[in-house]
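Written below as structure tokens is the structure these notes are about.
The values are calculated or read from the model by the stated rules, or taken from the named source; none is laboratory data. Everything numeric here is computed off the predicted structure, so don't read it as measured data. Counting neighbours? That spans all protein chains shown, and the Cβs are built from the backbone with ideal geometry, glycine included.
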Ligand SMILES: C[S@@+](CC[C@H](N)C(=O)[O-])C[C@H]1O[C@@H](n2cnc3c(N)ncnc32)[C@H](O)[C@@H]1O
């Protein structure tokens, strides 16, 4: 029954997604928000289903040995749901995440997957180069922060320990000028030289006043940390103050041209240090297995992998849905004189017909880095032995182990075998984990 308190449950392990996992006295699995392996806790049930339940910790009787004295984030202690692992050792966190991801992948794919290599984050703090804060009216107050664990209530924060310092400094610099907005999402994005750009997306019926825009201009003109601000209202009306472009070196692991600036707000990997290691590994895998291959890259963004691969390939064609990302990739390819060898196209890669068309091209390597939903259409297409007969390697980057496992099952069913598995900790202190899988046939 919802609201029932279950006393003294031992958290056995971490479940995929970041909750602790335990068993109710009647044997059903229960997913416990706020519990980490080893804790002995009381749990209040929020969902009570026939075969499983979900709840949250309401009291800790015995803390896990992995818990440390210092939590490290005051907002986490007040219920912020942005992270899950403040207050536990990093080695434990990473070990649990890897185990949960492996278990989920084995269960869903039903494959005997290779032993993974695990690449830890060089730093668990100050790593995120793009952060979205939510600002909401709450009675008389206006709060700016992140959603609480398991709800849409905002926990106010004064800085974020995983954000790059320039984002916190920019938010402090600009916060006063935006303080009257009752509903807005405010994104801080690093743009190079220790500065940040701010994107303000106003909620329905929310308006920015002339005097607020003047105040923002004054802050930007001072040229401290905020180099530019974009404000967009719910009808798409834009105000741009100062320079809102971002150094391409902040967005790509290797910028192909010096001093290149791109527009903000496109997809970018959130952790530059881990992104560099991930991109290096992708290049190594492809270059080691092929002599100047022809590469098709799906979900290529603005070319984070493409430009690093450029010296090692005969040609690369990238596909991606975001017009802005493709425009930036085109521009950089031309400036770097890769024109002709590197090509980029806008495409909806969840469209069966478009994916079937790509399957008819002649290429040796497929690189893909889909969003959370994975790439079911692509996996089905590439599992067809008639499609892309010259294709001999698939390099799959994924931020969702469950969808990755589903797609691996399809590919292996079509004659592919998994050569290697790596986990990159792109988001320390959170339950997310990035995976890199190489397949051969
Ligand atoms: C995980 S990101 C990877 C981007 C790029 N590989 C990088 O490292 O910066 C996923 C990308 O998929 C794109 N995307 C989302 N839905 C898509 C769709 N239906 N078709 C094509 N691309 C899509 C997003 O715009 C985003 O750039």
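I'd like to know if the stretch 273-283 contains one or more residues that are under 26 Å from residue 173 (Cβ atoms) and modelled with pLDDT of 95 or more.
First, pick out the residues of the stretch 273-283 that are under 26 Å from residue 173 (Cβ atoms): 273.
After this cut, where a residue has to be modelled with pLDDT of 95 or more as well, the list is 273.
Checked the stretch 273-283: at least one residue is under 26 Å from residue 173 (Cβ atoms) and modelled with pLDDT of 95 or more.
Scanning the stretch 113-166 for residues that are at pLDDT below 95, buried (at least 18 other Cβ atoms within 10 Å of the Cβ) and part of a strand (DSSP E or B) gives no hits.
All of (1) crowded, with 18+ Cβ neighbours inside 10 Å; (2) within 13 Å of the ligand (Cβ to nearest atom) hold for residue 233 with one exception: (2). Inside the stretch 248-263, residues that are in contact with a strand residue (DSSP E or B) (Cβ under 7 Å, 6 or more places away or on another chain), more than 11 Å from residue 328 (Cβ to Cβ) and away from the ligand (no atom under 13 Å from the Cβ) make up a count of 1. Please verify whether residue 342 is under 25 Å from residue 256 (Cα atoms) and either modelled with pLDDT of 95 or more or touching a strand residue (DSSP E or B) at 6+ places or on another chain (Cβ under 6 Å) (or both), treating the condition exactly as stated. So residue 342 fits the description; yes.
Residue by residue through the stretch 75-91, note down the ones that are assigned to a helix (DSSP H, G or I) and free of Cβ contacts under 8 Å to residues at least 40 places away in the same chain. Quick ask: steps written out before the conclusion?
Initially, the stretch 75-91 is screened for residues assigned to a helix (DSSP H, G or I), giving 75-77, 90-91.
Selection gives 76, 77, 91.
Of all the numbered requirements in (1) within 26 Å of residue 187 (Cβ to Cβ); (2) surrounded by fewer than 21 Cβ atoms within 10 Å (Cβ to Cβ); (3) assigned by TED's automatic domain parsing to the domain that holds residue 367, residue 315 misses one, and that requirement is (1). If we scan the stretch 267-275, do we find a residue that is over 20 Å from the mean Cα position of the chain (by Cα) and without any contact (Cβ under 8 Å) to a residue 60 or more places away in the chain? No: the stretch 267-275 contains no residue that is over 20 Å from the mean Cα position of the chain (by Cα) and without any contact (Cβ under 8 Å) to a residue 60 or more places away in the chain. Looking only at the stretch 337-393, which residues are on the phi > 0 side of the Ramachandran plot and away from the ligand (no atom under 16 Å from the Cβ)? Selection gives 337, 340, 388. In the stretch 298-322, of all residues being within 7 Å of the ligand (Cβ to nearest atom) and part of a loop (DSSP other than H, G, I, E, B), the one that is nearest to residue 283 (Cα to Cα) corresponds to 305. Residues that are in contact (Cβ under 8 Å) with a residue 40 or more places away in the chain and surrounded by fewer than 17 Cβ atoms within 10 Å (Cβ to Cβ): does the stretch 279-291 have at least one? Within the stretch 279-291 (the criterion being in contact (Cβ under 8 Å) with a residue 40 or more places away in the chain and surrounded by fewer than 17 Cβ atoms within 10 Å (Cβ to Cβ)), the answer is yes, since at least one residue qualifies.
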